[in-house]
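A.B. asks: Before anything else, here's the structure in question.
The values are calculated or read from the model by the stated rules, or taken from the named source; none is laboratory data. Model, not experiment: these values are computed from the prediction. Don't worry about glycine lacking a Cβ; one is built from the backbone with ideal geometry, like all the others, and counts go over all protein chains shown. These area figures cover heavy atoms from the full protein model, side chains too; ligands, DNA and RNA do not enter into them. Shrake-Rupley method; radii C 1.70, N 1.55, O 1.52, S 1.80 Å.
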Amino acid sequence: MSENTTLAVYQKITDPIQAAAVMGHDMARSGMFGFTSDAQGAVCAMTCICEGITPIEFKRTYHVFPDGKISMRSDAMLAGFRTKAKGTHRIISRTTEKAAIELTLDGHKTEFSFTWAEAQDEPFVRAKDGKAFKTNWNTPRIRMQMLWARVVSDAVRAVAPEIVAGVYTPEEVQDFDNKAPARPAIFVSSAPAAPAATAEPPADIIDAET
């Protein structure tokens, strides 16, 4: 479906909230998008309506995790860089040892790289014990994909941040560690503290027995 056809369909919607609810219900029940609730489907359906994309385009662009986190695929980032920012890219290296890419935007070329040697100094490649490598970094082919996804994300984020706008690749999200909840903030009033009440001397003890 072309962009013009998609927009024409969405422009006929008179109640976008109701349409997103119905569309989101079907998206969630289809099992095609990884949603665990109708609410997730409704949010993503509203995204489709606002951005003028089909549900299939949503699936090609984003990845939804079971906990609700949304990420953008690295190939979608590059596609957005080429089509929306009108930039170009050149693959310099895409191996198990090094990922390197050159982005060109407005006539300016910038090269980005990330090596396996550099990754081994980062905490996100290791398990919680800090020693063994995570499964998604331990296999050569997947390691190549991990390096590539990270260098693409870093490159597009630096050159054309409007394409990603705070969204990370699925490979990066998989390496996010759950952190302990922050301690509640302690608010200190700027008003002068009230003087402490002076304790009164205890009253004489009265024997109630007659």
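A.B. asks: Look at region 152-175 and say how many of its residues are within 19 Å of residue 66 (Cα to Cα), among the charged types (D, E, K, R) and open to solvent by 30 Å² or more (accessible area, probe 1.4 Å).
C.D. replies: Total satisfying the criteria: 1.
A.B. asks: Condition first: over 26 Å from residue 163 (Cβ atoms), modelled with pLDDT of 90 or more and crowded, with 17+ Cβ neighbours inside 10 Å. Can you find one or more residues in region 45-55 that meet it?
C.D. replies: No.
A.B. asks: Could you pull out every one of the helices (runs of 4 or more DSSP H) wholly within region 8-103 that has 2 or more residues that are out of contact with any Ser or Thr (no Cβ under 9 Å at 6 or more places or on another chain) and over 30 Å from residue 118 (Cα atoms)?
C.D. replies: Output list reads 16-30, 38-51, 55-61.
A.B. asks: Only one of (1) more than 15 Å from residue 43 (Cβ to Cβ); (2) open to solvent by 30 Å² or more (accessible area, probe 1.4 Å) fails for residue 70. Which number is that?
C.D. replies: The one condition residue 70 does not meet is (1).
A.B. asks: Looking only at region 126-158, which residues are over 14 Å from residue 74 (Cβ atoms), part of a helix (DSSP H, G or I), more than 18 Å from the chain's Cα centre (by Cα) and among the hydrophobic types (A, V, I, L, M, F, W, C)?
C.D. replies: Scanning region 126-158 gives a single hit, 137.
A.B. asks: On the given criteria, is residue 93 of a type in the set (S, T, N, Q), closer than 19 Å to residue 31 by Cα and surrounded by 15 or more Cβ atoms within 10 Å (Cβ to Cβ)? Walk me through it before giving the result.
C.D. replies: Details: of a type in the set (S, T, N, Q): yes; closer than 19 Å to residue 31 by Cα: no; surrounded by 15 or more Cβ atoms within 10 Å (Cβ to Cβ): yes.
No.
A.B. asks: Continuing with the same structure: When you go through 73, 94, 60, 82 one by one, which is the residue that is under 25 Å from residue 151 (Cβ atoms) and out of contact with any helix residue (DSSP H, G or I) (no Cβ under 9 Å at 6 or more places or on another chain)? Before the answer, list the steps.
C.D. replies: Values: 73 fails: out of contact with any helix residue (DSSP H, G or I) (no Cβ under 9 Å at 6 or more places or on another chain); 94 fails: out of contact with any helix residue (DSSP H, G or I) (no Cβ under 9 Å at 6 or more places or on another chain); 60 fails: out of contact with any helix residue (DSSP H, G or I) (no Cβ under 9 Å at 6 or more places or on another chain).
Sole residue among the options that is under 25 Å from residue 151 (Cβ atoms) and out of contact with any helix residue (DSSP H, G or I) (no Cβ under 9 Å at 6 or more places or on another chain): 82.
A.B. asks: Kindly list the number of the only condition in (1) more than 20 Å from the chain's Cα centre (by Cα); (2) free of Cβ contacts under 8 Å to residues at least 40 places away in the same chain that fails for residue 85.
C.D. replies: Residue 85 satisfies all of (1) more than 20 Å from the chain's Cα centre (by Cα); (2) free of Cβ contacts under 8 Å to residues at least 40 places away in the same chain except (2).
A.B. asks: Further, regarding this structure: Could we say that residue 28 is more than 24 Å from residue 171 (Cβ to Cβ), at pLDDT 90 or above, over 19 Å from the mean Cα position of the chain (by Cα) and crowded, with 17+ Cβ neighbours inside 10 Å here?
C.D. replies: yes
A.B. asks: Ok, one more. Hey, does region 192-204 have a residue that's exposed (fewer than 10 other Cβ atoms within 10 Å of the Cβ), at pLDDT 75 or above and not hydrophobic (A, V, I, L, M, F, W, C)?
C.D. replies: No, region 192-204 contains no residue that is exposed (fewer than 10 other Cβ atoms within 10 Å of the Cβ), at pLDDT 75 or above and not hydrophobic (A, V, I, L, M, F, W, C).
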